[in-house]
1. Has the stretch 34-51 got at least one residue that is more than 28 Å from residue 416 (Cα to Cα) and not in a helix (DSSP H, G or I)?
2. Taking residue 82, is it out of contact with any strand residue (DSSP E or B) (no Cβ under 9 Å at 6 or more places or on another chain) and open to solvent by less than 70 Å² (accessible area, probe 1.4 Å)?
3. Residue check, residue 53 against (1) without any contact (Cβ under 8 Å) to a residue 24 or more places away in the chain; (2) surrounded by 13 or more Cβ atoms within 10 Å (Cβ to Cβ), all met but one. Which one?
4. Restricting attention to the stretch 18-46, and to residues there that are touching a residue at least 40 places away in the same chain (Cβ under 8 Å) and among the aliphatic types (A, V, I, L, M), which single residue is surrounded by the fewest Cβ atoms within 10 Å (Cβ to Cβ)?
5. Note down all Cβ pairs under 6 Å where the first residue falls in the stretch 103-130 and is touching a residue at least 12 places away in the same chain (Cβ under 8 Å) and over 27 Å from residue 337 (Cα atoms), the second is among the hydrophobic types (A, V, I, L, M, F, W, C) and assigned to a helix (DSSP H, G or I), and they're at least six residues apart or on different chains.
6. With 64, 99 as the choices, which residue is exposed (fewer than 14 other Cβ atoms within 10 Å of the Cβ) and assigned to a helix (DSSP H, G or I)?
Amino acid sequence: MPPITDPREAALRRRKAIALGLLGIAGAGLAVVSVLERTHPHWAFGFLAAVFEAALVGGLADWFAIVALFRHPMGMRWIPHTAIIPSKKDALGASLADFICDHFLGTRQVAEKLQSMDIAGAIAGKLADSAFAGTMGRALANALPRILDALDSDELHRFLHRIADARLRQVDLSGVVAVVLRQLTADGRHQALVDAGLGYAGEVLAAPGTHERVADLAGRELWKVLRYLKIDGVVADKVADKLVAGMAGMVSDMAGDRDHEMRQRIGAEFERLIVRLEDDPSLRERVNAFRDQLIEDSDLSRYLRSLWRDLATWIREDVERDDSAIATRISSIGAEVGSRLAADDAMRAWINEGVVELVLPEVERYREGIRDFIVERVHQWSAEELTRELELAVGSDLQFIRYNGTAVGALIGGVLYALVHAIQALV
C-alpha cells in the first residue's frame with residue numbers, strides 16, 4: 001500500500017479504525033456475556049448483554065447512515081436512498097449555487113455588509129500609520145523595476161510603435177491645435193499666458209547682461225566711419241540704452257494695460273491663426289505633413305527611447321538605495337492622503353457611498369453568472385471526485401457520529417434493560 005501523504009486521509013482512516021474498534025468491542029462483549037449468561041445465570045450478565053447489543057446496533061446503524069451518504073453500503077445498490085452525494089451531485093450543485101447567491105450575494109445582504117463597513121476609514125487609518133505607509137512605499141517602489149522589465153521588450157516597443165504610428169496618422173493635428181487655441185483664447189484665457197510672457201521678457205530686459213549684448217550687436221552693425229573715429233562704442237552704448245529702455249517701456253505698458261494695442265494685436269493674431277488652422281487647406285496640409293515627419297523621424301524615436309532608458313535606469317538605481325526618493329515620496333503621499341482622509345468625514349462618507357453604488361450593480365450583473373458557474377463546475381466534476389473530496393473534508397468528523405451512536409446505544413440499552421426489569425418486578 002502506498003504511503004498516505006494527505007493528512008485528511010490519514011485522520012479519516014485513523015478515526016474509522018477507532019469506530020470499527022468500538023464495534024468490535026461491542027460485538028466481542030456481546031458474545032462473551034451471552035455465553036456467560038447461559039453458563040452462569042445472573043442479572044449482571046443480562047444487563048451487559050443488553051448494553052453491548054444496543055451499542056452494536058447503534059454503531060452499525062450510524063455506520064450505515066454515514067456510508068450511505070458517499071456510496072452503497074457493502075455494494076448493496078438495491079437499498080433505496082444510498083450513495084446520496086454521487087447520485088444527487090448535480091442537484092447538490094444547484095442547491096449550493098442557490099445558497100451562495102441567495103444568502104451571500106443577495107443585494108440586501110451585500111448592501112448591509114458594505115454599509116456596515118467603513119472602508120474609507122479603514123484605508124485612512126492604514127495610510128495614516130507611518131509604518132504601513134513606509135512599507136507600502138517600499139513595496140510599490142520595489143515593484144517598479146519588475147514593471148519596467150516587463151515593458152522593456154523590443155517586441156512590445158515595436159508593437160506599441162505600430163499602434164501609435166497608425167493612431168497618430170489619423171489625428172488631424174491642425175484641428176487639434178485649433179481646438180486647443182480656441183479654448184486657450186476663450187474668455188480671454190490667453191491673457192494670463194501673455195502676462196507670464198511679458199513678465200519673463202521684463203526680467204530678461206532688466207538683466208545686466210542684456211545691455212552688453214545689445215551694445216555689442218549695435219557696435220558690430222555701426223558704420224565703418226564711426227569705427228574709424230573710435231566713437232562706435234559710445235554710440236553703441238547710447239543705442240543699447242535707447243533700445244533696452246524702449247523695449248522695457250513697451251513691455252511695461254503692455255503688462256499694465258490689457259487693452260494695449262499690441263495685446264489686442266496678439267489676440268487678433270491668435271484668432272487669425274485659429275481660423276487658418278480650421279479653414280486653410282494648405283496650412284492644414286503643412287501641419288499634418290509636419291506631424292508625419294515627426295512620426296517618421298528616426299532621430300526623434302531614438303531620442304525618446306534613450307529618454308525612456310535613462311528614466312528606467314534612474315528608477316532602478318533609486319529603488320535599490322535604502323533612502324529611495326521614490327519610496328519616500330510614495331510613503332509621504334500615502335501618509336498625507338491618509339491623514340487628510342481621516343480628518344474629512346464628508347469625503348469618507350462620499351467614498352463609502354461610492355463603493356456601495358459601484359459594487360451593488362456589479363453584484364446584480366454577475367450574480368446569475370456566478371450561479372451558473374457553480375452549477376457548471378459541480379456538473380463537470382465526476383461523482384467519484386466530488387464524493388472523495390467531500391468525504392476527506394467532513395468524513396473524519398462524521399466518524400464521531402459512529403462513536404456517539406455506539407456509546408448512546410450502550411446507554412439506552414442499559415436504561416431499557418433496567419426499566420423492563422423494574423416493570424417486571426412491580427407486576
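1. We begin by selecting, within the stretch 34-51, every residue more than 28 Å from residue 416 (Cα to Cα); these are none.
No, every residue in the stretch 34-51 fails to be more than 28 Å from residue 416 (Cα to Cα) and not in a helix (DSSP H, G or I).
2. Numbers: out of contact with any strand residue (DSSP E or B) (no Cβ under 9 Å at 6 or more places or on another chain): yes; open to solvent by less than 70 Å² (accessible area, probe 1.4 Å): yes.
It is true that residue 82 is out of contact with any strand residue (DSSP E or B) (no Cβ under 9 Å at 6 or more places or on another chain) and open to solvent by less than 70 Å² (accessible area, probe 1.4 Å).
3. (1)
4. To start, the set of residues in the stretch 18-46 that are touching a residue at least 40 places away in the same chain (Cβ under 8 Å) comprises 18-19, 22-23, 26, 43, 46.
Still in the running and among the aliphatic types (A, V, I, L, M): 18-19, 22-23, 26.
Values: 18: 13, 19: 21, 22: 19, 23: 19, 26: 25.
Applying the filter and picking the extreme gives 18.
5. Every condition considered, the pairs that remain are 105/363; 110/363.
6. Details: 64 fails: exposed (fewer than 14 other Cβ atoms within 10 Å of the Cβ).
The match here is 99.
Conditions (1) within 20 Å of residue 127 (Cβ to Cβ); (2) not aromatic (Phe, Trp, Tyr), marked per residue:
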position: 306; (1), (2): no, yes
position: 314; (1), (2): no, no
position: 324; (1), (2): yes, yes
position: 328; (1), (2): yes, yes
position: 336; (1), (2): yes, yes
position: 349; (1), (2): yes, yes
position: 376; (1), (2): no, yes
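A quick yes/no check of all residues on (1) in contact with a Leu (Cβ under 6 Å, 6 or more places away or on another chain); (2) more than 30 Å from residue 90 (Cβ to Cβ):
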residue: 344; (1), (2): no, yes
residue: 350; (1), (2): no, yes
residue: 353; (1), (2): no, yes
residue: 367; (1), (2): yes, no
residue: 394; (1), (2): no, no
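The values are calculated or read from the model by the stated rules, or taken from the named source; none is laboratory data. Computed from a predicted model, the values in this text were never measured in an experiment. All Cβ positions, even for glycine, are placed from backbone atoms using ideal geometry, and neighbour counts span all protein chains on display. The protein model used for the area step is the full one, side chains on, heavy atoms only, and it has no ligands, DNA or RNA in it. Shrake-Rupley method; radii C 1.70, N 1.55, O 1.52, S 1.80 Å.
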